[in-house]
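What follows is a single structure, written as structure tokens, with notes after it.
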Amino acid sequence: MKNSLVKQSKGFTLIELMVVVIIVGILAAVAIPIYRSNIKKAAASEGAALLGAVLTAQKVYYAENNTYTTNKNSLNVEATGNKYFTDYTISSADANGFVASTTGSGTAAGVTVTMTYTNAAGATISYSGL
């Protein structure tokens, strides 16, 4: 009898490598949109912080004038250090409350943060575009 030499192969077959590539592709297809969504949510917190500064300035203005204002120059809120939310608008204001909003840019493009404040109910922040 002749001794047969069994060739031992080391490594992976092409099929095994293709299966791994397919699995990694499926995981990436699921993970990337979730990651981008979380990045937008994190950036939106900068907009909420900006509107928090507007709220504080509006309360100071109210204490001095017994009404809220739509004039941004009266509030002296600077957003120049912000990366995504660099400007805000005050769409309405009276003695009972105000509505302010800010829109993101860059990674936060399409995200709008809105604060509605009333003396009776306090502040409510809503997000759109997440």
So TYR68, is it in a loop (DSSP other than H, G, I, E, B), touching a strand residue (DSSP E or B) at 6+ places or on another chain (Cβ under 8 Å) and not basic (Lys, Arg) = yes
Take region 72-96 and flag every residue that is of a type in the set (D, E, K, R) and either in a helix (DSSP H, G or I) or without any contact (Cβ under 8 Å) to a residue 24 or more places away in the chain (or both).
-> LYS72, GLU78, ASP87
So which of ALA31, ALA43 is surrounded by 15 or more Cβ atoms within 10 Å (Cβ to Cβ) and out of contact with any strand residue (DSSP E or B) (no Cβ under 9 Å at 6 or more places or on another chain)?
-> ALA43
Those residues of region 97-130 which are of a type outside the set (Ser, Thr, Tyr) and in a loop (DSSP other than H, G, I, E, B) amount to GLY104, ALA109, GLY110, VAL111, ASN119, ALA120, ALA121, GLY129, LEU130
Have a look at LYS59, LYS72 and point out the one that is of a type in the set (Lys, Arg), on the phi < 0 side of the Ramachandran plot and at pLDDT below 90.
-> LYS72
Determine whether SER126 is surrounded by fewer than 16 Cβ atoms within 10 Å (Cβ to Cβ) and over 21 Å from the mean Cα position of the chain (by Cα).
-> no
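The values are calculated or read from the model by the stated rules, or taken from the named source; none is laboratory data. Predicted model only: the values in this text are computed from it and were never measured. FYI the Cβ positions are ideal-geometry reconstructions off the backbone, even for glycines, and counts take in every protein chain you see.
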